[in-house]
């Protein structure tokens, strides 16, 4: 059985798609296939790799539009998944491409720096005697410590595709969540403030990062946890937090959203005023009427129960 | 179409539309893999570290504690892709938190015994005394240790140790260490010179002992850069890739730093000491954990015989790594293996273990076997063979109190160095503690040197060396197809030589043949075909450089193995099966003649303090 790999090439400003065909063998990963092409068909094909056991993060690429670690994903399984003998391989999305499948990590490190990426230990701890932490406290962040910086999470991140300047990469949020949940840190607020300033509330909540993480870390969940933490730390004086709170209040009170007030509550009276033209348009077509009494959902008791259970579940998790 | 998909499609569409609107700003990047001042050539580093694994980054942090010093880490990939990330077990250090009866003496003795008495005992004492402190320090840096009830990190017992003393993060101890150090480096503003392949350490002066700096190729631009430095720390890792797919090491473990060091007169100490792990997947060398055998998996040859009964009647599969590795190699050699050539192996049979327990305790092993060999180990056996796991040998560290080599200004640390703490065989979880202890030491040592010395190198010579490599790049990459063998062809031939003639077993006639074959390969290497002439991220050229290094490393291994007429630790001579303390309680030092390129062996006595050599029994 043969596979045709359609590889997106990019060398010195020249871009093209090149097809390579090779036989599929047992246990052949995408990385193995790329290596065989480089060694037997085309030495100019370029990619990076190091550990080939899914822990160093060097070989992530996009296959048929989805980020994968090349060293762990089998060509055979991909052919089955997409029901095809043709796979398209591209560099990761939302990275600048240097050559072929090799991307530029440097700007990403600059973004990690923004969140002050280390634990700043409490005063009672020292370099000589280390720190103390209960197993339960360790459990709160251990999963997040498994990030390998492969970049899969940001490849299909829709917020990053839209605009990278006012947001971070999902793996940066994972790092921030790890540190703020680490009981050794003396001031999680310091990291949280940096995260809020860097665009925490701009996440589209599309879950692409969580779907793509090869280590199952749930970056989208980490972002939600960071948002929760901002409330606890009193860092909730911003549009995103106020918007979330307004929705929460509406749902708990009436089970329905009061669109006419939501905007005012989130952005403040004056900023919301700038949206008057849109409000007028909505009113004209009958989508919003500020004079109507805000309706209450008939199932309000059930809704309140759901809210309560969700709160309890979230408490348990934390 | 399900709702999830339509939501995804909707958001994708909206985001794509946004990209079109914001197209102008989409590709504005300020990133840079090399600091501007390096590009412009207006910085001389006080301490320049080559390699961004555990040792390199630990050294950088130590050196950078001196706020006035200019410190940088150069790496051929980007940081966090190193061999250190692959370490699983933990890092040893006597702290007594999990076992109050543990002592430094015990750690010292376990290490020396494990190393088959080829360790320098004073160095091991220095190492064991400091290993505990480094574990506490990592805690303070934010290492995510698994904890015990009293809030301290938990320590577990590794093979060959008499007490639990390895602290860890799950089964990813190295990964957590590298990321903790990297975060510290980022926050402390350490300069990274990323994606630069080191080519040479540039020296000048009458005796060629004056350090100018380091010549490297910026992979992104193809530019050759000369980075002036007062001191250099070589921390480039091991050389397992001389056995190519028969190693558990990453692709980057090609001994670059060792060769650069040999070329400026630092001896390669104990190169023949290579550790083979018995159970790598025969398909690709990836390690199947030691826990497989611990849980009861049986080794069988092609006739279905449980051959370990013959080699270790009592312990069988539970015998030590070296014994099992040698047994497997013997079975294959005598025609009782399965499969051909470098992929030949024997069966590891898990079907004797209840499927339930396999799922519970050997999940990772089951997963790797399924993925890479297509085998469900609850139903059928998987093919395994020995795989090179660790390089005990390395550049000689002349003084373990400072990390310096015998060349002034050049320091060594980590797997590329030989202290010697591991002797002829490294114990589990001693490698991560070694990189912490000696990374720290070398960082302090190089910083002290830089403070006491002015830069006395020759920038002219640095520029000349750059030009030399530039010319070489142009010559090598412009060779026409058909000018000679390709880089992978020569590499495969080298691996065949090394695996069969200087692998698990060695003997004189085969080692002599290996020398001849390597010489022939070096000739072929001189006019090999690289096949890529681009200046942008030319990985074909990088692999050409790495192959050149591996060939030199191979020579040194063979030379060392030939001269050591005994069997000790990782080095097994068929013609000299016993350890010979009378003649070989010595370190091999392989020097490369800087003019002729010939290799020459010298010897240096092992340092014995308290522990006289005894037979190694477990």
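If you take the Cα Rg of segment A:239-317 and divide it by 2.2 N^0.38 Å, with N the number of residues, what do you get? Before the final figure, lay out the partial values.
Numbers: Rg = 14.7 Å, N = 79, 2.2 N^0.38 = 11.6 Å.
With N residues counted in segment A:239-317, Rg over 2.2 N^0.38 Å equals 1.27.
How shielded is B:167-173 by partner chains, expressed as the average number of their Cβ atoms within 10 Å of its Cβ atoms?
Details: counts 1, 0, 4, 4, 0, 5, 0.
Mean partner-chain Cβ count within 10 Å for B:167-173: 2.
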Item to check | In degrees, nearest ten, helix A:170-180 long axis to first principal axis of chain A (Cα) | outcome: 60
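With N set to the number of residues, divide the alpha-carbon radius of gyration of segment A:105-232 by 2.2 N^0.38 Å and report two decimals.
Cα-based Rg divided by the globular estimate yields 1.04.
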Checklist entry - Hey, how many Å between the Cα centroid of segment A:11-44 and the Cα centroid of segment B:528-561? => result 21
Next on the checklist: Could you identify which residue out of A:67, A:246, A:127 has the top mean-square fluctuation in a GNM of chain A using Cα springs shorter than 10 Å?
Outcome noted: A:127
Checklist outcome for this item: Of A:126, A:152, A:53, the most mobile residue in a GNM of chain A (C-alpha springs, cutoff 10 Å) is A:126
Next on the checklist: What three numbers, in Å, describe the spread of the alpha carbons of segment A:78-137 along their principal axes, ordered from the longest?
Outcome noted: 59, 29, 17
Checklist entry - Rounded to the nearest 5, what % of the DSSP beta bridges within the protein assembly as shown are antiparallel ones? => result 75
Checklist entry - So what's chain B giving for Cα Rg divided by 2.2 N^0.38 Å, two decimals? => result 0.97
Checklist entry - Restricting attention to the alpha-carbon atoms of chain A, what are Rg (one decimal) and Dmax (integer), both in Å? => result 24.0, 74
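Taking the beta-carbon count within 10 Å as an exposure proxy, list B:536, B:214 from fewest neighbours to most. Could the numbers behind the result be given before it?
On the way: B:536 18, B:214 28.
Ascending Cβ contact count within 10 Å gives the list B:536, B:214.
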Checklist entry - Mind checking the mean number of beta-carbon atoms from other chains within 10 Å of the Cβ atoms in B:175-186? => result 5
Checklist outcome for this item: To the nearest 10 degrees, the tilt of helix A:300-317 (Cα long axis) against the first principal axis of the alpha carbons of chain A is 50
Item to check | For segment B:413-559, the spread of Cα positions along each principal axis, largest first, Å | outcome: 51, 46, 24
Item to check | Top of A:52, A:184, A:81 by mean-square fluctuation, Gaussian network on chain A, Cα under 10 Å | outcome: A:81
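Averaged across A:35-44, how many Cβ atoms of other chains sit within 10 Å of each residue's Cβ atom?
Numbers: counts 2, 1, 0, 7, 8, 3, 0, 3, 14, 8.
Mean inter-chain Cβ contacts per residue within 10 Å come to 5.
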Checklist entry - If we count other beta carbons within 10 Å of each Cβ, what is the order of A:153, B:416, B:528, fewest first? => result B:528, B:416, A:153
Checklist outcome for this item: Rounded to one decimal in nm, the spacing of the 7 Å Cα→Cβ label points at residue A:136 and residue B:68 is 5.1
Checklist outcome for this item: A correct fewest-to-most ranking of B:135, A:37 by other Cβ atoms within 10 Å would be A:37, B:135
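How many percent of DSSP beta bridges within segment A:2-102 run antiparallel, rounded to 5? Let's see the in-between values first.
Values: 18 of 22 bridges.
Beta bridges within segment A:2-102, antiparallel portion: roughly 80 percent.
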Checklist outcome for this item: Measuring from the longest principal axis of the C-alpha atoms of chain A, the long axis of helix A:239-254 (C-alpha) lies at a number of degrees, nearest 10, equal to 60
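Just the Kirkwood number for the protein assembly as shown, please: inverse of mean 1/r across all distinct Cα pairs, in Å, one decimal. Show your work: numbers first, answer last.
Values: mean 1/r = 0.0340 Å⁻¹.
One decimal place: 29.4 Å for the Kirkwood radius.
What fraction, in whole percent, of alpha-carbon pairs in segment A:2-102 exceed 22 Å separation?
In whole percent, the share of Cα-Cα pairs in segment A:2-102 beyond 22 Å is 21.
Order of A:15-24, B:319-328, B:391-400 by packing, highest average Cβ count within 10 Å first? Each step should come with its number before you reach the end.
Values: A:15-24: 12.9, B:319-328: 22.3, B:391-400: 25.6.
The packing order, highest mean first, is B:391-400, B:319-328, A:15-24.
Starting with the highest mean, order B:430-442, B:287-299, B:86-98, B:586-598 by the number of other Cβ atoms within 10 Å, averaged over the residues of each peptide.
On the way: B:430-442: 28.8, B:287-299: 20.3, B:86-98: 24.5, B:586-598: 16.0.
Highest to lowest by the protection proxy: B:430-442, B:86-98, B:287-299, B:586-598.
Considering only DSSP beta bridges with both partners in chain B, what is the antiparallel share in %, to the nearest 5?
Working: 46 of 67 bridges.
Counting DSSP beta bridges with both partners in chain B, the antiparallel share is about 70 percent.
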Item to check | Per principal axis, descending, Cα span of segment B:277-386 in whole Å | outcome: 34, 31, 23
Checklist entry - Across bins of 5 angstrom width beginning at 0, how are the C-alpha pair distances of segment B:134-283 distributed, in whole percent? => result 2, 7, 11, 13, 15, 16, 15, 11, 6, 3, 1, 0, 0
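Computed from the coordinates by the stated procedures, all read-outs in this text should not be read as laboratory data. Because the structure is predicted, anything quoted here is derived from the model rather than measured. Every residue, glycine among them, receives a Cβ derived from its backbone with ideal geometry; neighbour counts consider all protein chains shown.
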